[in-house]
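Below is one structure, written out as structure tokens; the observations come after it.
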Amino acid sequence: MTIRAIAYYKTVIEHNIMIYNIDMIRDFYANYSHRVSEARKAIGRPLTYAEKVLFAHLAEQPVKGGYQRGVDYAQFYPNRVCMQDATAQMAILQFMNAQRKETAVPSTIHCDHLIQAYKGATIDLPNAKDVNHEVYAFLQSAAQRYGMGFWGPGAGIIHQVVLENYAFPGGMMVGTDSHTPNAGGLGMAAIGVGGADAVDVMVGTPWELKVPRLIGVKLIGKLSGWASAKDVILYLAGKLTTKGGTNAVIEYFGEGADNLPATGKATICNMGAEVGATTSMFAFDDNMVAYLNSTGREEVAQLAQGVAADLRADDDVLAHPEQYFDKLITINLSELTPYVNGPFTPDAACQVKDMAQKVAHDQLPDKVEVCLIGSCTNSSYQDLARAASVVRAMKAAGYQLKAQLIINPGSELVRATAERDGILQTFVDAGAIIMTNACGPCIGQWKRITDDPTRRNSIVTTFNRNFAKRADGNPNTNAFITSPESAVGYAFTGSLSVHPSYSAGWPSFQPQGDALPAKGYCADAEGVQKVRPDYAITPDANAEVVINPTSERLQRLAPFAAWDGNDFERLPLLIKVKGKCTTDHISMAGPWLRYRGHLQNISKNMLLGATNAFTGDTGKVYDQTTGNSVEVWQAAAHYRDKRGGSIIVAEENYGEGSSREHAAMEPRYLGVKVVLVKSFARIHETNLKKQGILALTFVNAADYDKILADDQITIHCASLSPNTSIAITLYHADGSTEQIEAAHTYNELQIKWFKAGSALAVKA
């Protein structure tokens, strides 16, 4: 660290201005161990680390004898809220309806999703500021009005910025993005939620969560060679599948965990969203201390060290983990090799060394056309440093890039530091493009130049998701997920079947990169200081929240109507969805991001990516009112206006992926009354409940096959109550009827939400 930087850190720490919300953090640590002790007494046994953190944030006294995991609900008081610009719009619009003067907990907005990746940061960032000026003005004015921190475009990706500035061991946070668990890399219980959940926390009411199951992952050994932290979660995704972590916390422990840097831990926690986990967490250790110190939060590190015994699992848990976790997995890091997962689902795990066989067996496009490094999962300083080391080694051996290489730094702090240390120049000299510190291609914000937007091709990314059409809108782009160092290897070979880590004839070396910059982070860089919000933020009641009443991008929300208390009679079937249906399928991103603050306009993308089980068409259904084939949203609007609503039927893990509550608000706006599926992804089920849609699952999954194209369906829900099933009558077009049964997970509070029309209607 330079003398100037040391002096800067010393000054700001002495004046308590470097650490955001330091008074809240001090108060938290002053009471943390006592709350853990009370929870341990009430439950009557040793506690895992995740349990300590969760129970320390309970809104009520812990239940004597404990909770039934995966069944019981509990209420919590999280410490803070974070929101990205795409989801923050709807969250703030809902918060405005709550008629509060300020947020009850520290809350931040991060402008990272609306920036398109095209020609590079110097062109793309100014263009984004111009194109999205209206939205940014709205978000900034709301932040000023209600006292929220505002990180403008170019500041960085929400989760990297949170890790650098806000995350702290033992804390609890909700965020309107499914990858909020990134903060678990600093020992935080960070949970992705929809906007209505975030509003619960911002208005100061207890936030409800199903008490999660516990999956323990014991890490032994130490990573070496080309293996990285990313490979831990890629391997685990293959073991758990995309729904194996649903309603569970993944808690990592063991000597192997102690060997991982904080940003590596964050990578693992981040991608836990891809197995459906509520969150993922690592216990406090020296690597977290080092990261906190390096980012100017020495006092936070000291406070955490004062309660270190309660920032890890109890001794008996560590000695006998099989007695305390619902599932226990051991991973030997010393034996782990690089992975590359895909295409089209993040749990399709394959070791890099086996990829040639997979390419041949599955007849995959072998040529790698583009390699993309970044996203919230892999955009830290170490990620870029290790990737750059591969570039240097390959170039020194005389090789040139065979695939386009695109780099997205995670934050301005990372970008400025990587620039100072020559890392960015290494990429540029090799022919790479440096994009804005933003999400970009990972969420469909990539303007890819291609002569055929439907051509079958392969790309390699360091992202967390690889659903069809997600990156570039092309359904035939085979996207594979790997680590930054492995991605660069593919960029030089240009082939999925060949990789420097194992293929003969290629240079023999190991990627290298410091976990933390040897010279310290460039915290005093002009660009870094320019994007920081003030450390002391107060709400301004005189500030006007800027919404143009004629805007095509922003629209004030009107409350949804309350339930009339009757059965839903003869609802027309809107769509029976076949196969995987993620939130990307339900509410696409990409160009639709521009309408995230306008419910009426964005509702026109509803289920455009869903496959009709009867026709195989994507995004189109038979409209019972007109007899025509139309887009799903059009049929829904007709049913809403002429038939009183409709019902959606789907398969397993419906709503997998993003936390975007638009996937629940759009069907609600278009009159969908019920969503009946084989199983739900956690966040989406909650979002449906919050918005007043009846979320049901088949008691017998085979009953899915009984739903026919022209069906009208009655839901006998008038007597809706907890722990009861719901009878359903199917009226077929031939005049016959069938009876099936559905289950639900509504408790008394959630039934109140449903009766009122939405959760916010209860709070209003």
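Only the coordinates and a few stated rules stand behind these numbers; no lab work does. Keep in mind that this is a model prediction, so the values were computed, not measured. Glycine also receives a Cβ, built like all others from the backbone with ideal geometry; neighbour counts cover every protein chain displayed.
For Gly66, enumerate residues with amide H under 5 Å from its amide H, sequence gap 5+ or separate chain, H modeled in the peptide plane.
Under 5 Å from the amide H of Gly66: no residue qualifies.
Just rank Asp451, Asp584, Asp23, Asp540, fewest to most, by other beta-carbon atoms within 10 angstrom.
The most exposed by this proxy come first: Asp451, Asp23, Asp540, Asp584.
May I ask you to evaluate 6.51 cos²θ - 1.76 cosθ + 1.60, the Karplus curve with θ = phi - 60°, for each residue of segment 160-176 and list the ³J(HN,Hα) values in order in whole Hz, giving x for glycine and proline?
My calculation for segment 160-176 gives 5, 5, 4, 4, 6, 10, 10, 5, 8, x, x, x, 9, 9, 10, x, 7 Hz in order.
Run the paramagnetic zone check for Asn476: 7 angstrom along Cα to Cβ, then residues of segment 431-459 with backbone nitrogen under 15 Å.
450-459
What would the Debye formula give as log10 I(q)/I(0) at q = 0.17, 0.20 Å⁻¹ for the alpha-carbon point model of segment 194-281, no solvent?
Debye output, listed in q order: -0.74, -0.93.
Taking neighbour Cβ counts within 10 Å as the exposure measure, how do Thr48, Thr477 sort from fewest upward? If you can, show how the numbers build up before the last one.
Working: Thr48 23, Thr477 26.
With the sparsest Cβ surroundings first, the list reads Thr48, Thr477.
Return the tail of the calculated pair distribution for segment 338-530, meaning the percent of Cα-Cα pairs more than 27 Å apart. Present the calculation step by step, with values, prior to reporting the outcome.
Numbers: 4681 of 18528 pairs.
When all Cα pairs of segment 338-530 are counted, 25 percent exceed 27 Å.
I want to make sure I understand the PRE zone here: with the label point 7 angstrom from the Cα of Val762 toward its beta carbon, which residues in segment 38-77 have backbone N atoms less than 19 Å away?
58-61, 70-77
Taking 0.36 nm per intervening residue step and subtracting the Cα-Cα distance, what contour gain separates Gln529 from Ser551 on full extension?
4.7 nm
Loop-only check: which trypsin sites (Lys or Arg not before Pro) in segment 23-129 are DSSP coil with at most 10 other Cβ within 10 angstrom? Spell out each step's value before the answer.
Working: sites: Arg26, Arg35, Arg40, Lys41, Lys52, Lys64, Arg69, Arg80, Arg100, Lys101, Lys119, Lys129; in loops: Lys64, Arg69, Arg100, Lys101, Lys119.
Listed in order of number, the matching sites are Lys64, Lys101.
Quick check: residue separation of Arg455 and Ile220 times 0.36 nm, minus the Cα distance between them. What number comes out in nm?
Numbers: separation 235, 0.36 × 235 = 84.60 nm, distance 4.33 nm.
Once the chain is fully extended between Arg455 and Ile220, it gains 80.3 nm.
Please order Glu251, Glu544 by the number of other Cβ within 10 Å, starting at the fewest. Show your work: numbers first, answer last.
Working: Glu251 27, Glu544 10.
The order, fewest Cβ neighbours first, is Glu544, Glu251.
I'd like the Kirkwood hydrodynamic radius of segment 568-763, using the inverse of the mean 1/r over distinct C-alpha pairs, in Å.
Values: mean 1/r = 0.0607 Å⁻¹.
Evaluated over segment 568-763, this radius sits at 16.5 Å.
Once you compute Rg and the Kirkwood Rh from C-alpha atoms, what is the Rg to Rh ratio for segment 88-196? Provide the component values of the computation, followed by the final result.
Numbers: Rg = 14.5 Å, Rh = 14.8 Å.
Across segment 88-196, the Cα-based Rg/Rh ratio is 0.98.
Per residue, what volume in Å³ does the Cα convex hull of segment 706-749 take up?
Values: hull volume 3.5 nm³, N = 44.
Given the Cα convex hull of segment 706-749, per-residue volume reads 79 Å³.
Starting from the 7 Å offset along Cα-to-Cβ, what nm value, one decimal, do you get for the label separation of Asn700 and Glu335?
Placing both labels 7 Å along Cα→Cβ, they lie 4.4 nm apart.
With θ set to phi - 60°, apply the Karplus curve 6.51 cos²θ - 1.76 cosθ + 1.60 along segment 748-757 and write out the HN-Hα couplings as whole Hz, x wherever there is a Gly or Pro.
Listing the rounded values in order: 4, 5, 5, 5, 4, 4, 4, 5, 7, x Hz.
Amide H of Met148: which non-local residues (sequence gap of 5 or more, or other chain) have their own amide H closer than 5 Å, using H built in the peptide plane?
Here nothing satisfies the definition.
Would you report the distance distribution of C-alpha pairs in segment 126-251 as whole percents per 10 angstrom bin, up to the bin with the largest distance?
It works out to 10, 32, 33, 18, 7, 0, in whole percents.
Just order 510-516, 266-272 by mean Cβ neighbour count inside 10 Å, highest at the front, would you?
By packing density, highest mean first, the sequence is 266-272, 510-516.
Averaging over all projection directions, find the projected area of the Cα convex hull of segment 57-121 and quote it in nm² with one decimal place.
Numbers: hull surface 30.5 nm².
For segment 57-121, averaging the hull's shadow over all directions gives 7.6 nm².
For the modelled label position 7 Å from the Cα of Lys642 along Cα-to-Cβ, which residues of segment 604-621 have backbone nitrogen atoms closer than 16 Å?
621, by backbone N distance to the label point.
So what is the relative contact order of segment 568-763, in percent, for Cα pairs below 8 Å that sit 6 or more residues apart?
On the way: 443 pairs, mean separation 41.1, N = 196.
Relative contact order, segment 568-763: 21 percent.
Can you pull a Stokes-Einstein diffusion coefficient for segment 161-201 at 20 °C (1.002 mPa s), Rh from Kirkwood over Cα pairs, as a whole number of µm²/s? Present the calculation step by step, with values, prior to reporting the outcome.
Values: Rh = 10.0 Å.
The calculation lands on 214 µm²/s.
Given H placed on each backbone N at 1.01 Å, which residues far from Gly154 in sequence or on other chains put an amide H within less than 5 Å of it?
none
Over segment 455-496, what per residue volume does the convex hull of the Cα atoms give, in whole Å³?
Working: hull volume 2.5 nm³, N = 42.
So the per-residue hull volume is 60 Å³.
With labels modelled as points extended 7 Å from the Cα through the Cβ direction, what inter-label distance (nm, one decimal) is found for Ala308 paired with Ala558?
5.9 nm
Evaluate the relative contact order of segment 338-530 (contact order divided by residue number), counting alpha-carbon pairs under 8 angstrom at least 6 apart; express in whole percent. Each step should come with its number before you reach the end.
Values: 407 pairs, mean separation 63.9, N = 193.
Result for segment 338-530 is 33 percent.
Can you give me the convex hull volume of the Cα atoms of the chain, divided per residue and expressed in Å³? Please report the intermediate quantities before stating the final value.
Working: hull volume 114.1 nm³, N = 764.
Spelled out: Cα convex hull of the chain, divided by residues, is 149 Å³.
For segment 574-584, in order, what is each residue's ³J(HN,Hα) by Karplus, 6.51 cos²θ - 1.76 cosθ + 1.60 with θ = phi - 60°, in whole Hz (x at glycine and Pro)?
Working through the residues one at a time gives 6, 7, 10, 8, 9, x, 4, 9, 8, 5, 5 Hz.
Size of segment 652-732 along its principal axes in angstrom, Cα-based, largest extent first?
Principal axes ranked by extent give 34, 26, 25 Å for the Cα atoms.
Considering all projection directions equally, how large on average is the shadow of the alpha-carbon convex hull of segment 341-391, in square nanometres?
Values: hull surface 18.2 nm².
Averaged projected hull area, Cα only: 4.5 nm².
For the chain, what relative contact order do you get, as a whole percent, if you take Cα pairs closer than 8 Å and at least 6 residues apart?
On the way: 1857 pairs, mean separation 104.4, N = 764.
Rounded, it is 14 percent for the chain.
Could you tell me, in Å, what Rg and Dmax come out for the Cα atoms of segment 430-574?
Considering segment 430-574 through its Cα atoms, Rg and Dmax are 24.4, 72 Å.
Just to be sure I understand: if I project the alpha-carbon convex hull of segment 425-470 onto a plane and average over all orientations, what area do I get in nm²? Spell out each step's value before the answer.
Details: hull surface 16.8 nm².
Projected over every direction and averaged, the Cα hull of segment 425-470 covers 4.2 nm².
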